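One structure is given below, encoded as structure tokens.
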Amino acid sequence: MELPFAESYKIKMVESIKRSTRQDRKKWIEEADYNLFNIKSDRVFIDLLTDSGTGAMSDKQWSEMMLGDESYAGASSFFKLKDAIKDITGFDYFLPTHQGRAAENVLFSSKIKEGDIIPGNSHFDTTKGHIEYRKAHAIDCTIDEAFITTLDHPFKGNVDLNKLEDVLKSHPKEKIPLIILTITCNSSGGQPVSMENMRALKEMADKYGIQVFFDSARFAENAYFIKMREEAYKDMSIREIVREMFSYADGMTMSSKKDAIVNMGGFIGFRHEEDYDKASVFNILFEGYLSYGGMSGRDMNALAQGLYDGTEFDYLDTRIKQVAYLGKKLKDYGIPIQYPYGGHAIFIDARKFLPKVPKEQYIAQTLGIEIYIEGGVRGVEIGTLLADRDPETGENRYPDLELLRLAIPRRVYTNNHMDYIAAAIINVYDRRDQIKTGFEIVKEAPILRHFTVKLKKI
Ligand SMILES: *Cc1c(COP(=O)(O)O)cnc(C)c1O
């Protein structure tokens, strides 16, 4: 008999989660004005709001916490992290920051000015925010296949090199300070970029004399997909693949809350000393002195260990197979989800799931609320609420895809939890014909309304 899949870790410490009744949850979601961000976490049984900062640290990471050096300057924790970053990514220079968007803020302060053009693959929202805040423009060059949810393609995060070359040709070099490649591409559903695409992109960037930075929150999950899907890499270790990936970049920004499995932290990696020097000034201004930049010593220690934990094949195999395990359960039942399964989350196509709910009534939010009431499972809307209103017309913007994201925290839930999540969603799917109406807005903020919006049942 073939041995079945099993998690590559055992559990040393547990945290209780609270069951509740459907009546409780109906009351709680009403009290929360039908906003899932507004629910207290102890009223959630399984929390799939995000995989950011929600992972479980290992015994090795916790023991590193005790060895943290909290000296203001020259702390051993800084050098431990510096060595780990050099070892894993190959970058000689780095700046610690308190999280990923802080790394973007520091790097972009040193590189981007008004009117600049920043090509890339579906820039993440904070990345785009930091670009547009500087009155520069993010241009999405992702391959068209990425936007067809049912199409099977191994590397839906890839950049279309023709689209990229058009951008590079049609603007002067001085206007394009860098290209940003997001690995894996979060905004297109946690989809990976192939090594072949990274290599070709770097060659093209070199030809035009433009730098490449990787937005690297999920670089290890990307490396796993390269190993599994790109023939030439099947016998290479994750760390060898990671080193080659970063060899095609001039630097990186990192949200360590994802693949480095810490609850808070980030950094910028640099190949060139001039880039490091320029950014250092802004790091001191915005984050902290060069040797801690927004992180305590113990957190840098845990992050250094997390970079090793997160690039172990067995851990990645457990993680990505768990996400696929949930995806397969839903797909086999006929539930419309994005395919292939992403590295960190499963995305449900809410328009196809609830075809009777009008688009003006927030379909993905309606689905998220139904799933919460059904089983106490919290996902997040990636749809019309998130897309905000058009600043000119004040009308709702209806994005191409109306999705409910189920992000899986790292090393937190077991496959029994995945079974439970699938059952809750299947129950909602079985009664989808009775769900004909959604919600209307009672109160909303002018931007980023999804965090605080208040809704009313129609
Ligand atoms: C999470 C994330 C960021 C921002 O990082 P924070 O730590 O949340 O500030 C940037 N880029 C990508 C791809 C991300 O997933």
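Values quoted throughout were computed directly from the atomic coordinates according to the rules given, and no laboratory measurement underlies them. All values reported here derive from a predicted model rather than from experimental measurement. Glycine gets a Cβ as well: all are built from the backbone with ideal geometry, and neighbour counts include every protein chain shown.
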Over 26 Å (Cα to Cα) among Lys40/Lys329; Lys135/Lys173; Lys175/Lys257 -> Lys40/Lys329; Lys175/Lys257
For Lys10, list the lysines whose Cα falls under 19 Å from its own Cα; do not include residues on the same chain fewer than 8 positions away.
-> Lys60, Lys321
Residues of segment 108-144 with amide N under 20 Å of the 7 Å Cα→Cβ point at Val281 | 108-116, 131, 134-136
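What FRET efficiency comes out for Asn415 versus Glu196 if R0 is 35 angstrom and r is the Cβ-Cβ distance? Round to the nearest 0.05. Show your work: numbers first, answer last.
Details: r = 33 Å, r/R0 = 0.95.
Efficiency, rounded to the nearest 0.05: 0.60.
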Cα-based helix-to-principal-axis angle, 100-111 vs the chain, degrees rounded to 10 = 40
Estimated inter-spin distance, Thr21 and Glu70, nm [label 7 Å along Cα→Cβ] = 4.7
Do any trypsin sites (Lys or Arg not before Pro) in segment 377-458 lie in a DSSP loop with no more than 10 other beta carbon atoms within 10 Å, and if so, which?
-> Arg431
Can you give the angle from 0 to 90° between the axis of helix 195-208 and the longest principal axis of the chain, with both taken from C-alpha atoms, to the nearest 10?
-> 50
In debye, nearest 20, what is the charge dipole magnitude of segment 211-298 about its Cα centre with +1 on Lys and Arg Cβ and -1 on Asp and Glu Cβ, if you could check?
-> 400
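With charges only on Cβ, +1 for K and R and -1 for D and E, what is the dipole size of segment 60-309 about its Cα centre, in debye, rounded to 20?
On the way: 29 positive and 38 negative charges, 51 e Å.
The calculated dipole for segment 60-309 is roughly 240 debye.
Please work out how much length the chain gains when fully extended from Leu161 to Glu392, using 0.36 nm per residue of separation minus the C-alpha to C-alpha distance, in nm with one decimal. Spell out each step's value before the answer.
Values: separation 231, 0.36 × 231 = 83.16 nm, distance 3.26 nm.
Extending this stretch completely gives an extra 79.9 nm.
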By a straight-distance test (C-alpha under 16 Å), which lysines pair with Lys356 as possible cross-link partners, with residues fewer than eight away in the same chain excluded?
-> Lys436, Lys457
To the nearest 0.05, how large is the calculated FRET efficiency for Asp332 and Arg432 if R₀ is 22 Å and r is the Cβ-Cβ distance?
-> 0.85
Check: C-alpha center segment 256-325 vs C-alpha center segment 237-253, spacing in Å is 14
Rounded to 0.05, the calculated FRET efficiency for the beta carbons of Lys356 and Thr150 at R₀ = 25 Å is 0.75
Projecting the Cα atoms of His153, Met66, Ile210 onto the charge dipole of segment 60-309, where Lys and Arg contribute +1 and Asp and Glu -1 at Cβ, the residue farthest towards the positive end is Met66
Ile458 paired with Lys113, simple spin-label distance in nm, labels 7 Å along Cα-to-beta-carbon = 4.9
Dipole of the chain [Lys/Arg +1, Asp/Glu -1 at C-beta], most positive-end residue of Leu48, Gly189, Ala279 = Leu48
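Quick one: net charge of Ser20's neighbours, Cβ under 15 Å, K/R +1, D/E -1?
Numbers: positive: Lys18, Arg19, Arg22, Arg25, Lys26, Lys27, Lys40, Arg43, Arg378; negative: Asp24, Glu30, Glu31, Asp42, Asp47, Glu374.
Summing Lys/Arg as +1 and Asp/Glu as -1 gives +3.
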To the nearest whole percent, what portion of all C-alpha pairs in the chain is separated by more than 39 angstrom?
-> 20
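For segment 190-276, which trypsin sites (Lys or Arg not before Pro) are in a loop by DSSP, counting at most 10 other Cβ atoms within 10 Å? Please list the in-between numbers first.
Details: sites: Arg199, Lys202, Lys207, Arg218, Lys227, Arg229, Lys234, Arg239, Arg243, Lys257, Lys258, Arg271; in loops: Arg218, Lys234, Lys257, Lys258, Arg271.
Taking segment 190-276 and a limit of 10 other Cβ atoms within 10 Å, the loop trypsin sites (Lys or Arg not before Pro) found are Lys234.
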Do me a favour and compute the ellipsoid semi-axes for segment 60-309 from its Cα gyration tensor, root of five times each eigenvalue, largest one first, whole Å.
-> 28, 22, 15
Calculate how steeply helix 313-332 sits against the longest principal axis of the alpha-carbon atoms of the chain, using the helix alpha-carbon long axis, and give the answer as 0 to 90 degrees to the nearest 10.
-> 30
For the chain, with only Lys/Arg (+1) and Asp/Glu (-1) charged at the beta-carbon, what is the dipole magnitude about the Cα centre, in debye rounded to 20?
-> 1340
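Given an 8 Å cut-off on Cα distances and at least 6 residues of separation, report the relative contact order of the chain as a percent.
Details: 935 pairs, mean separation 103.6, N = 458.
Contact order relative to length: 23 percent.
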